[in-house]
Amino acid sequence: MSQSPEAKSSKSLHFVVIAIATTSVLFAVGLGVLIFYMVRPHGQSVGEISLTDPNAVLAVSAQRGDSLLFRVDASIEIPRLSLVSDDVLERQASAQLSRSRLTVRATAPSGNELSASCAVYKGRATSTTTTSGRFSRSGMLNDCAVIVDEPGPWQVRGAVAWAADLSLQSATLETRLDRPAR
């Protein structure tokens, strides 16, 4: 018994729909993995300190060859009754955060101090939120890194020279410890 042309056409259409759906799902999963790889931080989080408190210190137990890496969360004030779109506000806030300079100082048990300075934001973050009067960006990756040159408890401090036109509400510095394969 042979199938009617309508049944063959229906099977072909069914196959095409399944192929398109499968391809779409695989593309979405691949894109998700790529995005995760691009914004995921390296190392393990060991603590956070406030960047608005000049006396804030974080103790980190590290070994020679470990890397201290950093992420910043910040909330800034934006005009409440702005006539510009959220996209424009986000670009303005991104420019302000990119012009802001983070300086991290890590003091070894011996008193030796290592430091790194970089832009607070270099285009990658885990989340961004814009609400009335507030712009928040979390998990901002940057280029600051300190390579530990002696074992023991290190004291980590952070400070930011914020862009002059930025009105800061709050900011925290997350320190991450990245250990090389040993």
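Rank by packing, highest mean first: peptides 12-19, 85-92, 130-137, with packing defined as the count of other Cβ atoms within 10 Å averaged across residues. Mind showing how you got there, number by number?
Numbers: 12-19: 10.0, 85-92: 12.9, 130-137: 15.5.
Highest to lowest by the protection proxy: 130-137, 85-92, 12-19.
Computed from the C-beta positions of Asp53 and His14 and an R0 of 45 Å, the FRET efficiency is 0.10 to the nearest 0.05.
Would you mind computing the Rg to Rh ratio of the chain from its alpha-carbon coordinates, Kirkwood style for Rh?
On the way: Rg = 23.9 Å, Rh = 19.3 Å.
That ratio equals 1.24.
Computed from backbone phi, the HN-Hα couplings of segment 160-166 come to 10, 8, 6, 4, 4, 8, 9 Hz, rounded to whole numbers (Karplus: 6.51 cos²θ - 1.76 cosθ + 1.60, θ = phi - 60°; Gly and Pro given as x). If R0 equals 41 Å, the separation of the Cβ atoms of Ser117 and Ala21 corresponds to a calculated FRET efficiency of about 0.25.
With each label modelled as a point 7 angstrom along the Cα→C-beta vector, the Glu77-Arg64 pair spans 5.0 nm.
What the Cβ-Cβ distance of Ala161 and Leu31 gives, at R0 = 45 Å and to the nearest 0.05, is a FRET efficiency of 0.80.
Values in this text are rule-based calculations from the coordinates and carry no lab data. Bear in mind the structure is a predicted one, so any value in this text is a computation, not a measurement. Because the Cβ atoms are built from the backbone with ideal geometry, glycine has one as well, and the counts that use them run over all protein chains shown.
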